[in-house]
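Scroll down for the structure; my scribbles are underneath it.
The values are calculated or read from the model by the stated rules, or taken from the named source; none is laboratory data. Everything numeric in this text was worked out from a predicted model, so none of it was measured. Cβ coordinates were reconstructed from backbone atoms using ideal geometry, including for glycine residues, and neighbour counts include every protein chain displayed.
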Amino acid sequence: MRVTTATRIDLEQLLVFRVEAASWIGKLGSDQWSRPYPAKRLLATIAGGTVFMLNDGQKTAGTITLTPEAEEGLWSDDELAEPSMFINKLTVSPDYAGQNLGGRLMDWAGDRAYRAGAKWLRLDAWTTNARLQRYYLDQGFQYVRTVLEGNAVNGGPRVSGWLAQRTPRLADHGFADETPSPEPLRA
């Protein structure tokens, strides 16, 4: 499998992934991703070069967004002063479930973060999705804290404020990485 940088052509697939993931997670009892994701916001992240696609040569198996920019209101000023990369919107197609592609994509992200000079690989997860939180802990992330207030959509409570991080490292993720080398992070 190979990792490539997403293009505008991938937008439809990314939106389908979001709907598939919301349906699957909903069957497990979570309301995560139940609101449609704005295509315009997704196009902006694609244009920024932070969305990556995992392909098996025939089909897209997954996606991950990896950015040096944190979502506003989650991390402290001291934490933001540390060079970090942030995982967002990690999704694997149900057709590829059970193959540890999510774990390998996180290893790929950690490898990329390491090569960019990051001190931390960070993420936020749905505050009520204990199963997802356990998954991230099993992938070597350490719980930091849960943020319940701040920049929530429609003025409601923050729904994705469970914070975790791990040290980035070189990894043998097994993917052919066809993306440009990461830009060095500023300390």
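I'd like to check which helices (runs of 4 or more DSSP H) are fully inside region 59-155 and have at least 3 residues that are within 23 Å of residue 179 (Cβ to Cβ) and free of Cβ contacts under 8 Å to residues at least 24 places away in the same chain.
Counting at least 3 such residues, we get no helices (runs of 4 or more DSSP H) at all.
I'd like to know if region 69-82 contains one or more residues that are in contact with a strand residue (DSSP E or B) (Cβ under 8 Å, 6 or more places away or on another chain), buried (at least 18 other Cβ atoms within 10 Å of the Cβ), within 26 Å of residue 46 (Cβ to Cβ) and among the hydrophobic types (A, V, I, L, M, F, W, C).
yes
Based on this model, can you work out whether residue 91 counts as among the hydroxyl-bearing types (Ser, Thr, Tyr) and modelled with pLDDT of 90 or more?
Spelling it out, it is not the case that residue 91 is among the hydroxyl-bearing types (Ser, Thr, Tyr) and modelled with pLDDT of 90 or more.
When region 148-179 is examined, which residues are found to be surrounded by 14 or more Cβ atoms within 10 Å (Cβ to Cβ), at pLDDT 75 or above and among the basic types (Lys, Arg)?
Listed by number, the list holds a single entry, 166.
Of these, 90, 121, which one is under 18 Å from residue 6 (Cα atoms) and crowded, with 17+ Cβ neighbours inside 10 Å?
90
Could you grab the pairs with beta carbons closer than 7 Å, sequence gap of 6+ or different chains, first residue in region 42-55 and farther than 13 Å from residue 89 by Cβ, second one part of a helix (DSSP H, G or I)?
Cβ pairs passing all conditions: 43/8; 43/11.
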